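The values are calculated or read from the model by the stated rules, or taken from the named source; none is laboratory data. None of these values were measured; they are calculated from a predicted model. Using ideal geometry, Cβ is built from the backbone for each residue, glycine included, and neighbour counts are taken over all protein chains shown. Heavy atoms of the whole protein, side chains included, go into the accessibility calculation; ligands, DNA and RNA do not. Shrake-Rupley method; radii C 1.70, N 1.55, O 1.52, S 1.80 Å.
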Amino acid sequence: RAAAGVIVIETKEGRRGVEISYTGAATVHAATALPEVVKDPVTYIDIVNEAWFNAANGNLSAPKISATEREKWVAQEDATHQPVDWKELFYKPAFMHTHHVSASGAGERYNFSFSTGYQDQTGVVYSTRADKLDYRLKLTLNFFDKKISIGANVSGVEKTSHEAQSTSSIISRYLTNR
């Protein structure tokens with residue numbers, strides 16, 4: 001305890017000599033508990049038309065999606081009328097790796113502790129990712145038999161994230177890669 005009830009917390013300092021350590025990990029993440037969706041476009045058209053009819057209390061002369069359009073989906077006559085697995089389109093396994101390096105040491109007149117870490121993670125949603133870099137340095141220099149000490153404590157974090165693209169750009173990428 002310091003004066004006036006202030007609590008002083010001292011952080012880790014280096015020991016005599018120099019110690020260096022490294023830790024790292026790699027993992028794969030996947031989206032879980034995704035809702036079930038209608039995969040068959042013809043079933044989807046029938047559900048939309050039924051909902052459209054019910055919302056109008058049966059007072060419609062034409063369905064929301066025409067019979068001609070429905071037949072194109074039944075025949076799957078061109079590339080734009082093919083079934084799409086939307087879960088496969090938007091979600092994918094994501095890879096993450098982390099690295100952490102630290103060094104600490106002390107001598108007759110100095111004491112230091114340095115650490116840095118890096119994390120790179122792709123997202124489970126297509127075209128998302130996040131990077132993080134952190135660092136910390138604690139340095140103490142002693143002079144005149146430790147009667148005078150100069151110290152520095154520096155730390156920082158840099159984060160970058162890349163958000164998902166628009167839905168239309170993801171769909172466009174999917175259709176051009178078929």
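So the values come out like this:
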quantity: Hits in the stretch 139-155 - residues which are of a type in the set (A, V, I, L, M), over 23 Å from residue 100 (Cα atoms) and open to solvent by 70 Å² or more (accessible area, probe 1.4 Å); calculated: 148, 150
quantity: Residue count for the stretch 41-53, restricted to those that are out of contact with any helix residue (DSSP H, G or I) (no Cβ under 9 Å at 6 or more places or on another chain) and either at pLDDT below 85 or surrounded by 13 or more Cβ atoms within 10 Å (Cβ to Cβ) (or both); calculated: 3
quantity: Single condition residue 89 does not satisfy, out of (1) over 30 Å from residue 46 (Cβ atoms); (2) surrounded by 13 or more Cβ atoms within 10 Å (Cβ to Cβ); calculated: (1)
quantity: Residue that is open to solvent by 50 Å² or more (accessible area, probe 1.4 Å) and either on the phi < 0 side of the Ramachandran plot or hydrophobic (A, V, I, L, M, F, W, C) (or both), where the choices are 94, 67, 56; calculated: 67
quantity: Residue tally, condition touching a His at 6+ places or on another chain (Cβ under 6 Å) and surrounded by fewer than 14 Cβ atoms within 10 Å (Cβ to Cβ), over the stretch 70-86; calculated: 0
quantity: Hits in the stretch 103-138 - residues which are open to solvent by less than 60 Å² (accessible area, probe 1.4 Å) and in contact with a Gly (Cβ under 9 Å, 6 or more places away or on another chain); calculated: 103, 104, 105, 106, 107, 111, 112, 113, 130, 134, 138
quantity: Whichever residue in the stretch 1-34 is at pLDDT below 70 and β-branched (Val, Ile, Thr) and, among such residues, is farthest from residue 119 (Cα to Cα); calculated: 6
quantity: Residues satisfying the stated conditions in the stretch 28-46, i.e. of a type in the set (Ser, Thr, Tyr) and more than 24 Å from the chain's Cα centre (by Cα); calculated: 43, 44
quantity: Some residue of the stretch 29-41 being part of a helix (DSSP H, G or I) and free of Cβ contacts under 8 Å to residues at least 60 places away in the same chain; calculated: yes
